[in-house]
Structures are given as structure tokens and as C-alpha cells.
Amino acid sequence: MAIEWTSSGLDLHLDWARGTGQGLADAIRQAVRDGRLAAGTRLPSTRALAADLDVARGTVTRAYAELTAEGYLRSRQGAPTVVAELSQPLPETPPQRPWPPMGHEWRWNLLPGRPDTTLFPSTNWLAATRRALAGMTAADLNYGNALGHAGLRAELADYLGRVRGVAAVPDRVAVCSGYSQALGLLAGVLRAEGARSIAFEDPSLPECRQVVIAAGLDVVGVPVDERGLRVDALAALLAGPDAPAAVVVTAAHQYPLGATLHPHRRAELVELARATGTLVIEDDYDGEFRFDRQPVGALQAMAPDLVVYAGTASKTLAPGLRLSWLVLPERLIEPMRTAKFFADRHNGVIEQLTFAQLLRSGHYDQHVRRCRTRYRRRRDRVVDTLTAVGARFDPAGIAAGLHVVALLGDGVPEPAVLARAARRSIGVEGLGRCWLGGADGDRPHPAGIVIGYAAPPEHAFGPALRALADVLSEEMS
Ligand SMILES: Cc1ncc(COP(=O)(O)O)c(C=O)c1O
């Protein structure tokens, strides 16, 4: 509940669920973090505030005591309680509201990052589950290795070496519940080592940045251009005070703009990471889907001790599986084992062993090939159809992945396009949200929409694309 607090001349809006001392402390803490309560501000006496809020005085006393202990407030006997000077900037807090907002059912789903889940290989998955159960021992059903079942780690090491050129041995593979969990655990490990921030490409996927922020780290941006991450800009950041401990890079297919990291930049990045001791986190979220040629191999192979390789089944099979993998530098194996153990002990063993069977049988490769053919056709259709109504596609964006960015051109406001699309119940995302400062940050950003062409089932793809083309032609004419 939002309340206005007006005693002692102080007028403050607090988001507070009345009746809980904890809630009041949270609300005041947030107001201090947001800067709505500046350092030195005198707070009302506990008696005055309790009367103002119509709560017991003890509720206010407990909230003040808690915030004083945490360093947000300063109080001395006989003197008014004041807002303390925060000794260091606090990391941006995760939003108080549910994050992300609860899902919306779009009639036409063109949201990026989603595969066509109607293509999920259910028959092969079922057969793989049968084989997994038949071969499973009683010991397999007990608590297992936090980094994953040895059977799956071995299959993954083999697959990643073969398909993505990753330098992988089973002992360095860690199985996680999606890249989101993997990234959060890595951020926690780095934070425990004293890290304060992680660098991300700017633009990048906001949800990934939010995971890092939720783990208590700051996020800093590094610009990208048609050759991918600007390594010179990263070098400048690393030379400054508060150098980030790690950088997350989508080397094979920059998210969302679509460039691939240029070979010179790959070499420069590895050199820079080595010289500065910076960890590189390679988010290879859709590396299996390159349409025009063989995908470029993983950056990780150039420096397995500096680069964490991260892959996921969210694009190849289904996000609902929550299955991902890391290949870790030696030094991170034990800390990550501990972090995963305390997060959830380990991934479910039946799904791990089923996935191992799917990999071993060759059905996973077969499934990826089938999806690749479909998605390639869909991407071509998106580009042709939307070019015809005036959208532009950056030539630096390679033919790959599950999404493409349509640039809207001068004078076509992104919010208007998104609003028109929403009225037609078309789910697409704006490019603006991908920049660190949002669409209205300090630098001018091109307006665009991020289109996930893999998301709809085959029968809905054509109508969804036509609906989007109508929206664009109406806005752009
Ligand atoms: C850039 C990027 N990285 C990683 C992921 C994978 O996330 P997860 O494995 O948690 O589903 C996504 C999914 O949307 C993504 O778009």
C-alpha cells in the first residue's frame, strides 16, 4: 500500500504494507537508496511517525534500529535520527515489483529468445527417458555431484568440442538450471571474491543484467559496433578505478544487434583479459543456429583458463527445461560446485540422464538441424516482408539465431510501433530496453524492434508476420 508520510514537515511517499515492521524498514531503506531521503535528512521522532502512520511506536522503533544497524540511519541518544551518508554507492536493487511482469498471452507471439516449442522432439525425449531409467542405478537417485551427473558432463564435453569447438573436459562442465542460474551463481562467486561489477555489451539482454544486479553487483556497459564488442572501450574501463571483474560477451551472435565478434577483436579481448586478469563470460545462447555458413567456434577455446563458456537448451529444445551448461576455468570449479550446492544441490538427475541419452543417440543433433532449416526460412521471410514495408536490417547482423532487429528509420518512434503492435496482440520487443540507460540514455539510439521469428508454431508464423508488416506499414507510411 502506498502511504504519504507528512509529519515534521517531511513529505514522503512510501510503498509500505501497513502492519509489518519489516515492511516499514524496507520502505524507508528504498527511499534512502532512491535518493528520496537525502543524507542528513532529519526523520520524525518515533512517537510522531507512529502517530502519523497510525501504528504502534514499537514498530517504528524497530524499523529505525534495524536501519541504524545497517548503516542507513544515524541515531544518537537525545538527538534526532538522521539519514546517514552512504559510504559507497549501493548497487541498483532488483525492482520491488514482480520481475518480469507476469506473462501476457499474445495472439501472435514474435518475442525474441524463444524457440518453436511445438518442434520439441517428444518421441525421442520419451525414448531417451526410457533408456535413462533403464540404465539408472539406485545411487544415481541419491544426492549427486552439484556440478552434474558424470554421464551428462561427459556427453556435453564431447558435444561442445565437436559442435562449438569448445576446449572441454568433463570435469570442467557444470550443469545448471538455465543460463540465468549459471550467471547468477557466477556473479555470486565473483562477489565473494571481492568483485563490485560486471561489464555487459551495450546493448544486451536486460534480464541477464538484472540477474547480476540481483546477485549484488553493479553492471557497466561497453559499446558494440559492427565488429561486436568495442575492446578498446573495455580496455579503458579496465584501466579506470572500479574496473569490472568480468565481461559478458555474446561473441558468436551479439544480442540483440547480431554482429559476430571480429577475429581481431577476439584476439584483442583474450589478450586484454590475460593482461588484466578479467574473466570473460561467453554467452553462446544460440551458437548452433548459424544459417549462412559454419558458425564461428567458441572464443573459449582460445583461453580456457580465462573464459567461461555458457550454453543453454532454452533455444535448441525448450526454455521450460531449465537446462544449461558451463565450461569453467579450473579455478572456478570448486567455488561453483559450492554455489550450485547451496542453490539447489544439483539439477534433477532424470532429466540430466535423459538429455545425455538424447545427445548420445544423435537425436539432439538431428533436432537442431531440423530447427535450423525452419528458422533459416523464417528469417528470410521476415527480412523480405518487412523490407518491403520500409524496415531496415543492419548488414552487420549475421544470418543466425532466433531473432532479428528491424530498424525503424528516422521519425518512427519505437513506442508507437510497440503500442500499435500490442493493440493487435502481437508480442515483439523494443530495442530501446536493451540499452543500459534505456532508450532515453545519454547516447542517441536507433529505434528498432527485436523480432523472435522462431517463437510461433509453423501455422501461426505467416499470419503473425503479416500482422506485424501491417503495423509497420501503418506506422512508417
Ligand atoms: C542473450 C541470451 N542469453 C541467454 C539466454 C538463456 O537464458 P536461459 O538459459 O536462462 O533460458 C537467453 C534467453 O533468452 C538470451 O536471450
For the range 123-181, calculate the relative contact order in percent as a whole number, restricting contacts to Cα pairs under 8 Å that are 6 or more residues apart.
29
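I'd like the FRET efficiency for Phe291 and Ala236, computed as 1/(1 + (r/R0)^6) with the beta carbon distance as r and R0 of 35 Å, rounded to 0.05.
On the way: r = 35 Å, r/R0 = 0.99.
The pair Phe291/Ala236 has a calculated efficiency of 0.50.
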Once exposed loop trypsin sites (Lys or Arg not before Pro) are cut out (DSSP; at most 11 other Cβ, 10 Å), longest piece of the chain:
77-292
Total charge of the residues flanking Pro319 in space, meaning their Cβ is under 13 Å from its Cβ, with Lys and Arg +1 and Asp and Glu -1, is 0
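Counting pairs of Cα atoms in the chain, how many percent are more than 41 Å apart? Walk me through the numbers before you get to the answer.
Details: 31901 of 113526 pairs.
Summing the P(r) tail past 41 Å for the chain gives 28 percent.
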Can you tell me the 0 to 90 degree angle between the C-alpha axis of helix 178-192 and the longest principal axis of the chain, rounded to 10?
50
For Ala199, net neighbour charge (Lys/Arg +1, Asp/Glu -1) across residues whose Cβ lies under 12 Å away
-1
Antiparallel content of DSSP bridges confined to the chain, in %, to 5:
60
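Any chance you could run the full-extension gain for Glu105 through Arg423? It's 0.36 nm times the residue separation minus the Cα-Cα distance, nm to one decimal.
Numbers: separation 318, 0.36 × 318 = 114.48 nm, distance 1.26 nm.
Contour length minus Cα-Cα distance gives 113.2 nm.
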For Ala343 and Glu85 in one chain, what is 0.36 nm times their gap in residues minus the Cα-Cα distance, to one decimal in nm?
89.5 nm
Given labels modelled 7 Å from the Cα in the Cβ direction, how far is it in nm from Arg47 to Ser122?
7.0
Neighbour-limited loop hits for GluC sites (Glu not before Pro), the range 108-215 (at most 16 other Cβ within 10 Å; DSSP other than H, G, I, E, B)
Glu193
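Based only on other Cβ atoms within 10 Å, what is the fewest-to-most ordering of Asp410, Asp283, Asp380? Let's see the in-between values first.
Numbers: Asp410 6, Asp283 27, Asp380 13.
Fewest to most other Cβ atoms nearby, the residues stand as Asp410, Asp380, Asp283.
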How much length is gained if the chain between Ala388 and Arg130 is pulled fully straight, taking 0.36 nm per residue apart and subtracting their Cα-Cα distance, in nm to one decimal?
88.0 nm
What nm value, rounded to one decimal, do you get for the distance between Thr373 and Tyr143 when each label is placed 7 Å out toward the C-beta?
4.7
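Rule-based calculations on the coordinates, nothing more; no lab input. Since this is a predicted model, take the numbers as computed values, not measurements. We place every Cβ from the backbone using ideal geometry, glycine too, and count neighbours over all the protein chains shown.
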